[in-house]
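> Below is a structure I'd like to ask you about.
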Amino acid sequence: GKQCDDEVCSARRGRMVCLKVLMSLRGISLDRSVVTKRLEVAALRVEPPRTSEYLGRLKPYLLRMPRLRNAVDDGGGKKLILLKEEPPAGDEWLRGELERGDAERTSHAFEVGYDYFAADEALRTLLPRHVEVPSSFEQAGHVVHLNLRAEHEPYKEVIAQVVLDKTSQCRTVVNKVGDVGSAYRTFPLEVLAGDDDTVVTLKESDCVFEFDYRAVYWNSRLQAEHRRVVDLLAGLAASVKVADATCGVGPFALPLAKRGVDVVANDLNPAAVRALRGNRRRNKISDARLQIDGPGCARTFLRRNSYTHAILNLPAAGIALLDAFRGRLPPLPLEEKKCKDRGPLVLCYCFGPKADKKKDKDDHAVFDDIRRRLEAALGVDPPPFLSEEEDDDESKIFPSTAVLEAYAAAADGGRTSVRWIRNVAPAKDMFCVAFRVPAACSRLPYEGVDDVGEEEDALAAPTTITTTHPQKEDQGPSAKRAKKDSSRGQAT
């Protein structure tokens, strides 16, 4: 019968579409014509002059599909009002329109093509069912950065072309092809679609940034965190001077300086320092307001400059660099000379075991891991953690947005506070640890490295994260340096 013939024809069409898709994928080309969908919806046929009236009256029932009009020509001089559902029979106004013949119930069949679909919808049609559609990507300026898995390898060019077509302001699509393997936290990229141009220009925190995405580390997902810390430090007293020891291209340093905070900045990566110098000029910031001391070793930078606050935005190795405070506290600016024995306030980003705030034991695992590493680097006990007093009812780990509360606990309360930033892997989170460097550090011998080459080697080593309660063992400075649980990771 007719129904059986239709089913056979439909199956054949499906097989033809699948064959075209597979052929296009294997040929590393995108056939946009295969991404189609046929729809049939309820409609009302009305006179064109009354289109606006019907659209207003029937607003709750309109089709409202993305990128489609709710009123279309019927091909015979009238308009079709497209509906997601039939209006209720009790609608007296519509019943009167229908009875007078001013409106006519009908249906409208149409086909939507490639341009209608969002990237994930198009890829769901193009990719085999067993291949998961990439769910997210990072965009920096005109560059979209994919992080495709092995299952995507045969289809990566098609995926990239769809992303290029569907992403606003995108001109280049790149894919990470190797692990982070250098002290600069850069990684090899391949250009999959668009222009072979990775020099990007973007705006963040009221500053313009220009840099080569291949040559430096940049993470657009941390934009909100950058803004929170900049707002915090820019709102402090005028005597604040910030040392950004691992500044990258300047997501903290530039906006702080633009808002009137004295900043001294450094990074190990020469490309990042070159970009920072250019961005300083681009944003019309004076050399005196933003002093750039690099490229160089972060430890040497921390030991030879004067400042009241230090940022170590290097989560894979930031804690390990804190041994720079042994042997001497950094000289304070003139306004702070009266506080001779007061160490700087440090904001140190780090990785740690994933925290589940519903279970206290996981908070303890985070604290145990961070405390162990702080003790090994500083050589002395850090200030007490926020959860260590029996009468302390406050949250053990601050949420990412509680930057002011976490800072106050360290600056005014003399505590070590831990603020959750984001999840980075199934068993790993990123945190910001805030504390004031204990004066006792200045009485310890300094045994760290001051040579750039040595620091590059040290920071390129893999990071070790303790995910369970550590056993009691020798965690002294020498043992810590033997492990060197640091790798150069710049989470800007």
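Only the coordinates and a few stated rules stand behind these numbers; no lab work does. None of these values were measured; they are calculated from a predicted model. Neighbour counts run over all protein chains shown; Cβ positions are idealised from the backbone, glycine included.
> Across segment 291-307, in residue order, what do the Karplus-derived ³J(HN,Hα) couplings come to in whole Hz, using 6.51 cos²θ - 1.76 cosθ + 1.60 with θ = phi - 60° and x for Gly and Pro?
Rounded to whole hertz, the list is 8, 9, 10, x, x, x, 5, 4, 5, 4, 4, 5, 7, 10, 9, 9, 5.
> May I ask you to give the average projected area over all directions of the convex hull of the Cα atoms of segment 180-269, in nm² rounded to one decimal?
6.4 nm²
> Follow-up question, since we're still on this one. Calculate, axis by axis, the spread of Cα positions in segment 252-320 along the three principal axes, and write the results as whole Å, longest axis first.
Largest to smallest, the principal-axis extents are 34, 27, 21 Å.
> Roughly how big is segment 111-152's charge dipole about its Cα centre, with Cβ charges of +1 (Lys, Arg) and -1 (Asp, Glu), in debye to the nearest 20?
In total the dipole reaches around 160 debye.
> Oh, and also: When the Kirkwood radius is taken over all Cα pairs of segment 116-202, what Stokes-Einstein diffusion coefficient follows at 20 °C and 1.002 mPa s, in µm²/s?
D = 159 µm²/s.
> Between beta-carbons, use under 11 Å as the cut-off and find the net charge around PRO445, counting Lys and Arg +1, Asp and Glu -1.
Neighbourhood net charge equals +1.
> When ranked by the protection proxy of mean other Cβ atoms within 10 Å per residue, highest first, what sequence do the peptides 292-300, 424-432 form?
Descending packing order for the listed peptides: 292-300, 424-432.
> A further question follows. Sorted by packing (mean other beta-carbon atoms within 10 Å per residue), highest first, where do 410-422, 120-132 land?
Order by mean packing, descending: 410-422, 120-132.
> Further question on the same structure: Taking Cα atoms of segment 175-230, Rg/Rh with Kirkwood Rh, to two decimals?
Answer for segment 175-230: 1.00.
> Among LEU127, PRO66, LEU80, pick out the residue whose Cα is farthest towards the positive end of the charge dipole of segment 44-149, where Lys and Arg carry +1 and Asp and Glu carry -1 on C-beta, about the Cα centre.
LEU127
> Using the Kirkwood radius over C-alpha pairs as Rh, can you work out the diffusion coefficient of segment 50-206 via Stokes-Einstein at 10 °C, viscosity 1.306 mPa s, in µm² per second?
80 µm²/s
> Quick one, what does Rg over Rh come out to for segment 26-92 if you take C-alpha atoms and the Kirkwood Rh?
Answer for segment 26-92: 1.15.
> Amide H to amide H under 5 Å from VAL424: which residues, 5+ apart in sequence or cross-chain, H placed 1.01 Å off N in plane?
Amide H neighbours of VAL424: ASP429, MET430.
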